[in-house]
Amino acid sequence: MLLSHAAAPVARLAQAMVKNQGLQQAPAPCTLQGWGVRLEPLSQAHAEGLTAAARDGELWNLRVTSVPEPDQTSSYIQTALDGLAAGHMLPFVVKEEASGKILGTTRYHDIIAAVARLEIGYTWYGKSLQRTHVNTACKLLLLTHAFDMLGAGVVGWRTDNFNHASQRAIERLGAKRDGAIRHHALRRDGTVRDTVMYSVIAGEWPEVRDHLTYQLKRHAR
């Protein structure tokens with residue numbers, strides 16, 4: 001097929017987009033820090049601290065979350081590390097930057113390098129830290145790394161249809177609601193949930209970054 005002179009640059013651009021549609025680099029264990037928090041690679045050494053964080057509010061009693069019961073923390077961490085080894089997860093422990101106290105955990109998951117997609121989830125902090133700057137800080141660090149370092153084209157979130165607090169928190173970040181997957185996943189009590197999906201695409205990232213930075217600067221005043 002012959003291309004006109006005008007069409008040729010468009011075709012080259014399309015080919016380049018196809019070639020470069022994957023992540024620019026593979027997600028790998030790293031440390032992210034700023035805004036008073038530090039995200040370090042999760043390990044079994046963090047089990048005791050995570051158990052203590054979960055006791056702040058007895059978070060395992062919430063049916064719409066995946067927070068482990070105290071005697072299941074080690075298994076919870078191992079599942080995350082297995083996901084790391086398989087290449088579809090990158091788990092972090094969240095610490096207070098100044099003291100090193102463990103505040104909770106978060107991770108990249110459902111990493112699909114070929115289409116430059118990953119999700120942020122399995123996020124929880126002690127109850128006393130909810131609705132503080134901690135979640136905003138962690139999300140800004142994770143989104144900055146995903147878009148600016150890894151070259152993500154989209155970052156997603158998923159949550160239980162009845163976890164309204166989580167939905168509000170995701171929406172405050174500036175993520176767009178994509179829709180819901182009906183009858184999608186088991187809860188800890190054996191019931192089946194609908195999963196609400198959200199995302200930020202690369203073109204939206206600069207505005208989201210500025211919004212989150214503004215929120216954190218307001219907190220710091």
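The values are calculated or read from the model by the stated rules, or taken from the named source; none is laboratory data. This structure is a prediction, so every number in the text was calculated from the model and none was measured. FYI the Cβ positions are ideal-geometry reconstructions off the backbone, even for glycines, and counts take in every protein chain you see. These accessible areas exclude ligands, DNA and RNA; they are computed on the full protein's heavy atoms, side chains included. Shrake-Rupley method; radii C 1.70, N 1.55, O 1.52, S 1.80 Å.
R0 = 45 Å: FRET efficiency of Tyr214 with Asp56, Cβ-based, nearest 0.05?
Computed FRET efficiency for Tyr214 and Asp56: 0.95.
For the chain, set up a GNM with springs between Cα atoms under 10 Å and report which of His145, His88, His183 has the largest fluctuation.
His183
Roll a 1.4 Å probe over the protein chains and send me the accessible area per residue for the chain in Å².
54
Using a 1.4 angstrom probe on the protein heavy atoms only, line up Val115, Val67, Val192 by accessible area, largest first.
In descending accessible area the options line up as Val115, Val192, Val67.
In terms of the Cα gyration tensor, with a ≥ b ≥ c the square roots of its eigenvalues, is the range 33-167 rounded because a/c is under 1.5, prolate because a/b exceeds b/c, or oblate?
rounded
For labels at Thr195 and Ser74 in the simple 7 Å Cα→Cβ model, what's the distance in nm?
Here the modelled spin labels are 2.9 nm apart.
Does the range 107-221 classify as rounded, prolate or oblate by the C-alpha gyration tensor (a ≥ b ≥ c root eigenvalues; a/c under 1.5 gives rounded; else a/b over b/c gives prolate, otherwise oblate)?
Since a/c reaches 1.5 but b/c is at least a/b, the shape of the range 107-221 is classed as oblate.
Cut-off under 28 Å on the C-alpha distance; same-chain residues fewer than 8 positions from Lys127 excluded. Which lysines are left, in chain and number order?
Cα-Cα hits under 28 Å: Lys95, Lys101, Lys139, Lys176, Lys217.
Averaging sequence separations of C-alpha pairs under 8 Å and six or more residues apart, then dividing by the length of the range 77-173, give the relative contact order as a whole percent.
Relative CO of the range 77-173 lands at 19 percent.
Sorting Thr144, Thr79 by accessible area (1.4 Å probe), largest first, what list results?
Thr79, Thr144
What order do you get for 90-99, 195-204 when each peptide is scored by the mean count of other beta carbon atoms within 10 Å, highest first?
Ranking, from highest mean packing down: 90-99, 195-204.
Taking amide H positions as placed in the peptide plane 1.01 Å from N, state which residues far from Gly104 in sequence (5 or more) or on other chains have amide H under 5 Å from it.
Val94
Classify the range 164-221: rounded, prolate or oblate, from the alpha-carbon gyration tensor (a ≥ b ≥ c, eigenvalue square roots; a/c under 1.5 rounded; otherwise prolate if a/b is larger than b/c)?
oblate
Name the most mobile residue of Ala165, Ala175, Ala146, meaning the one with the largest mean-square fluctuation, in a Gaussian network model of the chain with Cα contacts below 10 Å.
Of the options given, Ala165 has the highest mean-square fluctuation.
What angle do you read, to the nearest 10 degrees and between 0 and 90, between the alpha-carbon axis of helix 7-19 and the longest principal axis of the chain?
Here the helix axis deviates by roughly 30 degrees.
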